[in-house]
Amino acid sequence: MAQLSKSEILDWLREDRTGPLRELYARADAVRKESVGDAVHLRGLIEISSHCRRQCMYCGLREANRDIERYRMTREEIEECARTAVALGYGTVVIQAGEDDALTSEWIAEIVGAIKRTTPLAVTLSLGERSEEELRAWRKAGADRYLLRFETSDADLFRAIHPGRSRNAPDRLAILRQIKQLGYEAGGGVMVGIPGQSYESLAQDVLTFRALDLDMIGIGPYIAHPATPLGSGRLRPPIDPGDQAPGSEQMVYKMIALARILCPTANIPSTTALATINRTRGRRQGLQVGANVVMPNLTPVRYRPLYQIYPAKACIEESATDCNQCLRGQIRSINRFPGRSTGGRGELEVNAGVLANAASPLVQLQEKSYGG
Ligand code: SAM
Ligand code: SF4
């Protein structure tokens, strides 16, 4: 089944009968268990700046949106969040922001270096399309992973929703290859249900995850933001209504399941956007159809409403401690366990936090990373 053809993937994306879909989800869950185990890795998310120089047609942080108050965290605030991540037992922090020119190469490198020197955390960066020099400097400073969703593999749609900063449209697939070459674990991904996005292009997205051999794959529903050209309906990429893929919960589950089946060892989060469209069950269901990562929010609560990429985002009022407790409870409720290692790709945790074989290289690696 790992060799699904494009037409088979397309058939699954158009499938909406409960019986066959249950089979798809069960298959993906079995692949997840066999390939990455029952651990759910917790990546503490720090949204360090809401300033952005880009005009992505779907995102509330786009530069042209003058209706929001912008913020940028201080170095001390970011390092404090990293200490909280350690105290809460997370293995990774994800440092995310708009494409903010004030986040200079040196400043980010200093922060990454400080976190790597003083904590056992893996550091993931998600700072948009940055130059090769910047990516190289941050890798040298110790950053382990870089996330840059390619959003859609449909080149025309990509161009329509990402006005370039130069004459050439950005090529995120090329940047992802560069990220891998620099020695990062590379994370890509897509939104599901973008106006103008066809079922066929979603099938191509799944094949692209595999072709790029991504280490992390982020898949979430597109959520309309009324202060954006796409969300307000001012921009309508052309598409036959029968071809338009819905941004439904079910379509996101299908994409997660197919990504897991085609990319068995990738880290796949059950996203906050999924929790936003189904607050009670979304995150857990994502974990039950192939996902193995969640991203509790560490951003200071006063900044959270300002990082409004889409409206009514889940988990913006809970403190870091509450987020941690809530997510751990959700993980236990589906008979999984919170990961204790940094959770890099290929790093498999074997059972519920009590490691089976104390002599295994995995245990040594974990003990090393936690100073044991
Ligand atoms: N600026 C960086 C970038 O673009 O990669 C990182 C921050 S950006 C807010 C992170 C992700 O948010 C994007 O890759 C996109 O998939 C997602 N996003 C933005 N607007 C969204 C929307 N309206 N609905 C769902 N996801 C959205
Ligand atoms: Fe900026 Fe990222 Fe939003 Fe695009 S998706 S406007 S780059 S924050």
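The values are calculated or read from the model by the stated rules, or taken from the named source; none is laboratory data. Computed from a predicted structure; not experimentally measured. No Cβ is skipped: glycine too gets one built from the backbone with ideal geometry, and neighbour counts run over all protein chains shown. Ligands, DNA and RNA are excluded from the accessible area calculation, which covers all protein heavy atoms including side chains. Shrake-Rupley method; radii C 1.70, N 1.55, O 1.52, S 1.80 Å.
Taking the accessible area of the chain, probe 1.4 Å, and keeping the other protein chains in place, the carbon and sulfur fraction comes to 50%. In this calculation the C-beta distance from GLU34 to GLU63 is compared with R0 = 41 Å, giving a FRET efficiency of 0.35. With a simple spin-label model that places each label point 7 Å from the Cα along the Cα-to-Cβ direction, the separation between GLU133 and ARG279 comes to 4.7 nm. Accessible surface for the range 190-309, divided over its residues, is 31 Å² per residue with a 1.4 Å probe. Structural size metrics of the chain, computed from C-alpha coordinates, are Rg and Dmax of 19.5, 60 Å. Charge tally around ALA259: other residues with Cβ under 14 Å, Lys/Arg +1 each, Asp/Glu -1 each, net +3. From the cross-link list LYS116/LYS180; LYS180/LYS313; LYS140/LYS180; LYS116/LYS140; LYS33/LYS313, which pairs have alpha carbons spaced over 23 Å apart? Over 23 Å Cα-Cα: LYS180/LYS313; LYS33/LYS313. Of the peptides 183-191, 272-280, 288-296, the order by per-residue mean of other Cβ atoms within 10 Å, starting with the highest, comes out as 288-296, 183-191, 272-280. Hull volume per residue, based on the alpha-carbon atoms of the range 33-164 and their convex hull, is 143 Å³. Summing charges over neighbours of GLY344, with a neighbour being any other residue whose Cβ is under 12 Å away from its Cβ, gives -2 when K and R count +1 and D and E count -1. Scoring 318-324, 330-336, 256-262 by mean Cβ neighbours within 10 Å over their residues and listing the highest first yields 256-262, 318-324, 330-336.
Local charge for GLY183 was computed over the other residues whose Cβ lies under 10 Å away, with Lys and Arg +1 and Asp and Glu -1, and equals +2. Computed over the chain with a Gaussian network model linking Cα atoms closer than 10 Å, the most mobile of ASP213, ASP156, ASP205 is ASP156.
What fraction of the DSSP beta bridges in the chain is antiparallel, stated in percent and rounded to the nearest 5?
Percent antiparallel among DSSP bridges in the chain is about 5.
Taking 4.7 Å between beta carbons as the limit, the unpaired Cys residues of the chain are CYS52, CYS81, CYS263, CYS315, CYS323, CYS326. Net length available on complete extension from SER5 to SER248 is 85.2 nm, with 0.36 nm assigned per residue and the Cα-Cα distance removed.
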